[in-house]
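Undergrad: Dumping the structure here so I can ask a few things about it.
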Amino acid sequence: MTDQAAPFGVYLHVPFCATRCGYCDFNTYTAGELGSSASTGSYLDAIVRELEMGAAKMQAEGTLRPAETVFVGGGTPSLLGAEGLTTLLDGVRNSFGLTTDAEVTTESNPESTSPEFFDGIREAGFNRVSLGMQSVAPHVLKTLDRTHTPGRPVAAAKEATAAGFEHVNLDLIYGTPGESMGDLEDSLEAVLSAGVDHVSAYSLIVEDGTAMARKVRRGELPMPDDDDLADRYELIDSFLRSDGMAWYEVSNWSRPGGECLHNLIYWRDGDWWGAGPGAHSHLAGERFYNVKHPARFAATVSAGDLPIAGSETLDDTDRHVERIMLRLRLAEGVPVEMFTEEELSKARRQERVGTVTVGRRVRLTDAGRLLADAIVLDLLG
């Protein structure tokens, strides 16, 4: 049975994008790729129905409780407009319910937002916005196949603030082929000028099967260099710290109180229901995931079935590995009692080389943040 004390959130996946970015391997589709097989109308009807069935399932199991967080991701949720996003949030509110202080976030592409859009979703109950910025350098955006103009993300962030959003995030991608350190500095200066309270910064990962991976394989683009990425990470950290932000997860910085509570549910082994095509859920150690294609998703739900494509139950070993792996990425670290004696011995060895500190919790040092994945492998190996 689900632990009623575990935090609970709802994730809603929007599978639509105006164009496909060359580096992206998410479960997303352009209008041309979908043709007449799926529409935003059939998607909205299906996901609201899935939420109703998901809440009914948890109600029958005695585990239903209101969502503490809602996160609409994708894809490009802002393509649904304020009306479509309102439909999604009302679907959560009418099925699972919301706590009185729930964090409600939507991702948005700056080009598909406007002052009216932000006013509309704020009125609907959204209180946090995450905007894809990536870079302000036009040639970097071109390499990433991003369609927004360099200045639009900052303008959108300011429009969101003017609409009453206290929590606004900007996403950066660093290490794109052709990006200079000067380009990255310009992007960071733009972030600081936006006055946001949260920044996510991710190194470019060349995923198999993407257009970018094919260009790298053909020699048209170089593979990002690990040492160069480390230099860029340190630059980002320095800029954001100078503006009063602190890292709370390896790739995320915020002002006090600006942390993304929904993502913290993931990192702290909480529970969430993932609705929409390809969405993943986790309830008390059981993982399940939905069918990927929007047309099949809608057809399955229309037939009265939950669109679950597969599931797995994590055993104690799996859960232990995940807890260490995810929580060590947090600035708060991992309580020492979560480690085995052997793992704690390895952590003390890591402490001697300056990558972690060991007290009541095991925490990454600044040097350790650059090696987080390798440290986890060492501790759990």
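The values are calculated or read from the model by the stated rules, or taken from the named source; none is laboratory data. Keep in mind that what you see is a predicted model, and the values were worked out from it rather than measured. Cβ: placed from backbone, ideal geometry, glycine included. Neighbour counts: every protein chain shown. Accessible surface areas use protein heavy atoms only, side chains included; no ligands, DNA or RNA. Shrake-Rupley method; radii C 1.70, N 1.55, O 1.52, S 1.80 Å.
Undergrad: Averaged per residue, what accessible surface does the stretch 212-371 expose to a 1.4 Å probe, in Å²?
TA: Using a 1.4 Å probe on heavy atoms only, each residue of the stretch 212-371 averages 49 Å².
Undergrad: For the stretch 152-260, what % of the accessible area comes from carbon and sulfur atoms, probe 1.4 Å?
TA: 47 percent
Undergrad: Right, something else. Scan around GLY276 for amide H atoms under 5 Å from its own, H built in the peptide plane at 1.01 Å from N, and keep only partners 5 or more places away or cross-chain.
TA: Counting only residues 5 or more places away or on other chains, the set is HIS13.
Undergrad: How much net charge surrounds GLY91 when only the other residues with a Cβ under 9 Å from the Cβ of GLY91 are counted, with Lys and Arg +1 and Asp and Glu -1?
TA: Net charge in that neighbourhood comes out at -1.
Undergrad: Averaging sequence separations of C-alpha pairs under 8 Å and six or more residues apart, then dividing by the length of the chain, give the relative contact order as a whole percent.
TA: 16 percent
Undergrad: Here is a further query. For the stretch 290-340, which whole percent of the accessible surface, found with a 1.4 angstrom probe, sits on carbon and sulfur atoms?
TA: 48 percent
Undergrad: Among SER345, SER135, SER180, which one moves the most in a GNM of the chain with springs linking Cα atoms closer than 10 Å?
TA: SER345
Undergrad: For the stretch 181-276, state the semi-axes of the equivalent ellipsoid (square roots of 5 times the eigenvalues of the alpha-carbon gyration tensor), sorted largest first and rounded to whole angstrom.
TA: Taking √(5λ) for each Cα gyration eigenvalue gives 27, 22, 11 Å.
Undergrad: Okay, next question. Can you show me the helix-derived [θ] at 222 nm for the chain, built from DSSP H runs with n ≥ 4 at -39,500 (n - 2.57) apiece and divided by the number of residues, rounded to the nearest 500.
TA: -12500 deg cm²/dmol
Undergrad: Enumerate the calculated ³J(HN,Hα) couplings along the stretch 247-258 in order (Karplus 6.51 cos²θ - 1.76 cosθ + 1.60, θ = phi - 60°), each rounded to whole Hz, writing x wherever the residue is Gly or Pro.
TA: Coupling constants for the stretch 247-258: 6, 10, 9, 3, 10, 9, 10, 8, 7, x, x, x Hz.
Undergrad: Rounded, prolate or oblate: which one fits the stretch 283-380, using the alpha carbon gyration tensor with axes a ≥ b ≥ c (rounded when a/c is under 1.5, else prolate when a/b beats b/c, else oblate)?
TA: Verdict is prolate for the stretch 283-380.
Undergrad: In addition: With the other protein chains left in place, how much accessible area per residue, in square angstrom, belongs to the stretch 101-189 at a 1.4 angstrom probe?
TA: Ligands and nucleic acids excluded, the result is 36 Å² per residue.
Undergrad: Can you list the lysines whose alpha carbon is less than 28 Å from that of LYS158, not counting same-chain residues fewer than 8 positions off?
TA: LYS142
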